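J.: What follows is a structure written as structure tokens; I'll ask about it next.
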Amino acid sequence: MTQEKYKQYYSEESFQEKLQGFAKTAGTQVVYAALLLYYLMIDKQVPLKVKLTITAALGYFILPLDAVPDLIPMVGFGDDLGVLIFALSQINTYITPEIRAKARLKLNTWFNQVDENDISEVEKKIS
């Protein structure tokens with residue numbers, strides 16, 4: 001993933017639209033990973049260099065044309081999850097308990113019931 005290629009596609013508005021529009025289709029793992037990155041992005045304590053990685057990953061997530069179309073059930077968000085997990089694993093030292101709590105809270109507002117195994121899977125992959 002090249003940061004320059006995808007960062008142009010990120011904006012807070014386009015991120016919100018995509019995530020809210022596809023939350024149920026994407027599933028809790030993708031949404032949780034995207035929310036972690038989003039909350040890192042708006043955290044004033046996170047350095048600009050780290051935010052460039054976040055912008056590239058979220059830009060890829062937002063990009064309407066990616067490796068696997070998002071409208072394909074069960075596999076369409078697989079490549080997105082891979083990119084989001086890769087970015088999170090590179091910057092995991094900046095993920096605070098507060099960032100995790102914000103992501104979980106938002107996740108719980110969008111999904112009636114959150115499977116803790118999904119969140120645990122993401123956490124394992126980024127550690």
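J.: When Rg is the radius of gyration of the Cα atoms in segment 78-127 and Rh is its Kirkwood radius, what does Rg/Rh come to? Write out the running numbers ahead of the final one.
T.: Details: Rg = 11.2 Å, Rh = 11.6 Å.
Ratio of gyration radius to Kirkwood radius: 0.97.
J.: Taking the Cβ of residue 122 as the center, what net charge do the other residues with Cβ under 12 Å away carry, scoring Lys and Arg +1 and Asp and Glu -1? Walk me through the numbers before you get to the answer.
T.: Working: positive: 100, 104, 124, 125; negative: 115, 116, 118, 121, 123.
Net charge in that neighbourhood comes out at -1.
J.: Just to check I understand the Karplus step: with θ = phi - 60° and J = 6.51 cos²θ - 1.76 cosθ + 1.60, what whole-Hz values come out for segment 87-93, glycine and proline as x?
T.: 4, 4, 5, 6, 10, 4, 5
A short reminder: the numbers here are calculations on the coordinates, not readings from a lab. Worth saying up front: this structure is predicted, and the values here are computed from it rather than measured. Cβ atoms come from the backbone with ideal geometry, glycine included; neighbour counts cover every protein chain shown.
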